[in-house]
Amino acid sequence: MDTNAEIKKAKAAMDVAVKHTLAEFNSLHTGKASPGMVENLPVEVYGTISKLREISAITTPDVKTIQIQAWDRDSVRAIEKAIIAANLGVTPLVNGGIIRCVMPEMSGERRQELSKVANGMAEDGRIKVRAVRRDTIEIFKKAKKDGDIGEDDLKRLEKEIQGITDAAIREIDDSLHLKSSDLMKI
């Protein structure tokens, strides 16, 4: 059994879980404009669904504004419709081929609500990371049972996978802390 390959596979799976969680954090509205809030919005253009980032340039000219410049002027109405349908709490302002979304101030209640959502996202990420750890340890236990590795190797591998798990969870927790403090800023 190639234990190094199993550890690399587990680390890669944990990295995917962490990246997914961080991407979810970016979708949360903190009162600051961020391209991540709109770049993955599905937009129906010419009968197909495309992500907003694939059909436009998305910038943030200031802290409160997201500016979207459609590459094709015919898609402006579809982009506007997609932003409204996404229920982001912003009203798109269309000026020619440019759409501006100004972020409104958030209430304290809404900030706390979003903080709870972020905590839920972080917990989902932690659960995914722990599931990878559990599955990997099961593989190692089966290898020990089959006689492919010894007791000492099993303990060493469990400790190694736990260290990788702790690092992944720490990354999620650090990002959660940053996102929560960002959400609570007035």
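The values are calculated or read from the model by the stated rules, or taken from the named source; none is laboratory data. What you are looking at is a predicted structure, and each value in this text was computed from that prediction instead of being measured. Cβ: placed from backbone, ideal geometry, glycine included. Neighbour counts: every protein chain shown.
Right, Ala23: exposed (fewer than 15 other Cβ atoms within 10 Å of the Cβ), within 24 Å of Asn119 (Cβ to Cβ), at pLDDT below 90 and not acidic (Asp, Glu) or not?
Values: exposed (fewer than 15 other Cβ atoms within 10 Å of the Cβ): yes; within 24 Å of Asn119 (Cβ to Cβ): yes; at pLDDT below 90: yes; not acidic (Asp, Glu): yes.
Yes: the conditions hold for Ala23.
Applying the set (1) outside any loop (DSSP other than H, G, I, E, B); (2) out of contact with any Cys (no Cβ under 8 Å at 6 or more places or on another chain) to Pro104 leaves exactly one unmet item: (1). Of the residues contained in segment 46-57, one or more are found to be surrounded by 14 or more Cβ atoms within 10 Å (Cβ to Cβ), free of Cβ contacts under 8 Å to residues at least 40 places away in the same chain, among the hydrophobic types (A, V, I, L, M, F, W, C) and assigned to a helix (DSSP H, G or I). If Leu176 passes every condition in (1) surrounded by 13 or more Cβ atoms within 10 Å (Cβ to Cβ); (2) over 19 Å from Thr21 (Cβ atoms) but one, which one does it miss? Leu176 satisfies all of (1) surrounded by 13 or more Cβ atoms within 10 Å (Cβ to Cβ); (2) over 19 Å from Thr21 (Cβ atoms) except (2).
Checking the structure you have, find out if any residue of segment 65-73 is assigned to a loop (DSSP other than H, G, I, E, B), in contact (Cβ under 8 Å) with a residue 40 or more places away in the chain, over 30 Å from Asp135 (Cα atoms) and assigned by TED's automatic domain parsing to the domain that holds Val94. For segment 65-73, residues assigned to a loop (DSSP other than H, G, I, E, B), in contact (Cβ under 8 Å) with a residue 40 or more places away in the chain, over 30 Å from Asp135 (Cα atoms) and assigned by TED's automatic domain parsing to the domain that holds Val94: absent. Residues that are farther than 16 Å from Lys51 by Cβ and either of a type in the set (Val, Ile, Thr) or assigned to a loop (DSSP other than H, G, I, E, B) (or both) within segment 77-101 comprise Ile84, Asn87, Gly89, Val90, Thr91, Val94, Gly96, Gly97, Ile98, listed in sequence order. Might you check whether a residue that is at pLDDT below 90 and farther than 27 Å from His177 by Cα occurs anywhere in segment 8-15? No; the residues of segment 8-15 include none that is at pLDDT below 90 and farther than 27 Å from His177 by Cα. A Cβ distance below 8 Å, combined with a sequence gap of six or more or placement on separate chains, defines the contacts here; from segment 119-130, residues that are more than 16 Å from Ser181 (Cα to Cα) reach residues that are of a type in the set (Gly, Ala, Ser) in the pairs Gly125/Ala17; Lys128/Ala17; Val129/Ala17; Val129/Ala168. In the set (1) among the hydroxyl-bearing types (Ser, Thr, Tyr); (2) at pLDDT below 90; (3) surrounded by 17 or more Cβ atoms within 10 Å (Cβ to Cβ), the condition left unmet by Ser107 is number (3).
Okay, residues lined up against (1) hydroxyl-bearing (Ser, Thr, Tyr); (2) closer than 20 Å to Leu28 by Cα:
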| position | (1), (2) |
| --- | --- |
| Ile55 | no, no |
| Asp62 | no, yes |
| Ser115 | yes, yes |
| Phe140 | no, no |
| Ala143 | no, no |
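Please tell me if Val117 is more than 26 Å from Lys8 (Cβ to Cβ), in the same structural domain as Ala12 (by TED's automatic domain parsing) and either among the aliphatic types (A, V, I, L, M) or not in a helix (DSSP H, G or I) (or both). Judged against the criteria, Val117 is a match.
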